[in-house]
Amino acid sequence: MQIRGHDATATSAPVHSTRLLPLVVALFFAWGFCTVLVDVLIPKLKATFSLGYAEAMLTQSCFFLAYFIVSIPAGLLVSRIGYLRGIVAGLLVMAGGCLMFSPAAAAGWYPGFLGALFVLAAGITLVQVAANPLAAGLGDPARAHSRLTLAQAFNSLGTMLGPMFGSGLILAAGVAEPDPGLAGAALDALRVEQASHVRLPYMIIAAVLVLLAVLCWWLRRSPVPEVRAVGHGDYLRLLRNPRLGLGALAIFLYVGAEVAVGSALVNYLIMVGATGSEHAAGNLISVYWGLAMVGRFIGSWLLRFMPAGLVLAGCACGATVLALLASTLLQGAVAAVAILSIGLFNSVMFPTIFTLSIDGLGEDTAGGSGILCLAIVGGAIIPLLMGLVADRSGLALALLVPAACYVLVAGFGLVVRSGWLEPPAQKAGSGQT
């Protein structure tokens, strides 16, 4: 099937494009870089606007709520205009969200930041809905798990470098919480001054995103995998696929756990005495995401030889143990090592869940991708739940929330490995799960 007037060389045969795969890898890097900056924003906004943990986690809620609202419309759009034009649209929306940080900072208005984060995430959602299945489809279908994990490794490179970039421009000047007696014009002036540190990094990112959009537009006629037009009824039909439905639940839980841990890192590291400043703690976020990058390169190799469901279950169990240790037993440097090492075990979870879930969907892959990106709303809900627990019982015990999520993700991996959710395309017995 050819999508006329859009990605004009769409094909149902495996596509091997030496030009597109590096571009797709760059997209994974870009949205990882943008997403992780929220972890650096949280301590800055928490102090500037005198927020509690739950209120500060609204930054993640607004960011990941966009996945829930935008994913299905994004899937519909990509199915009609094609992968590459969908990516161009998403990059331009991302750039628009970055530009919105400037008026929010000038006004010193917290809801303005939430709105900018929502628009930025809406663009990221559109890019992800197009880029995830595109990366999986650019080559031998039997290597889809490995190829998407490799692309996600560069996403982790972005999440490793992003905190250093954000910490240097946003947290380096310090985090100043207003004096309780400060009010009126003096309070507004302090908030505007503190918020102004957020403006420059997002202006730089907006410029880079526009350049990427121009490059994608130039390559829009490159050969791409086929994408079938998707209607609202297709989503209801696809949700009745148990493998996809449980995969969406696993994505919800995994993303929620990953975001919750990442959002708490700065405050947790200071709380356990691993570091004494927000700037230093912000730089340590790079270790968390750097370990995820290393794990994805290792995972890309392991998934060539080991069943994907088994690798997923093993990593989720490792993350569970580390979260429990960080929550209940450890302090100081040892606690820091434990919580940062969760990033290593997070490494292969998202790409492995994603490819296991869309396995066998064929031309419905774009619709399945939309549903899975919809489930990323877990990043809006789980961190907020963890914030509520932290406000009542302390940040350490709140880590039990992501630990419980990892247990359920391990269950999905074991169920897939058992063969109970075998995709239709593999009932003849090919492929590893």
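The values are calculated or read from the model by the stated rules, or taken from the named source; none is laboratory data. The structure displayed is predicted, hence computed values, not measured ones. Note that we place each Cβ from the backbone using ideal geometry, even for glycine, and neighbour counts take in every protein chain shown. Note: areas computed on protein heavy atoms with side chains; ligands, DNA, RNA excluded. Shrake-Rupley method; radii C 1.70, N 1.55, O 1.52, S 1.80 Å.
Tallying residues that are modelled with pLDDT of 90 or more and within 20 Å of the chain's Cα centre (by Cα) within region 380-418 yields 20. So how many residues does region 365-374 have that are of a type outside the set (Val, Ile, Thr) and open to solvent by 10 Å² or more (accessible area, probe 1.4 Å)? Adding up the residues that qualify gives 1.
Among the residues of this structure, Gly314 does not count as one that is open to solvent by 30 Å² or more (accessible area, probe 1.4 Å) and not in a helix (DSSP H, G or I). No other residue among Leu238, Leu265, Leu212 is open to solvent by less than 30 Å² (accessible area, probe 1.4 Å), modelled with pLDDT of 85 or more, part of a helix (DSSP H, G or I) and more than 30 Å from Ala390 (Cα to Cα) apart from Leu212. Within region 311-334, being within 25 Å of the chain's Cα centre (by Cα) and of a type in the set (S, T, N, Q) holds for Thr320, Ser327. Pairing each residue of region 358-371 that is in contact (Cβ under 8 Å) with a residue 12 or more places away in the chain and in a helix (DSSP H, G or I) with any residue that is open to solvent by 30 Å² or more (accessible area, probe 1.4 Å) and not acidic (Asp, Glu), provided the two are 6+ apart or on different chains, yields C-beta distances under 6 Å for Glu363/Arg228; Gly370/Ile72.
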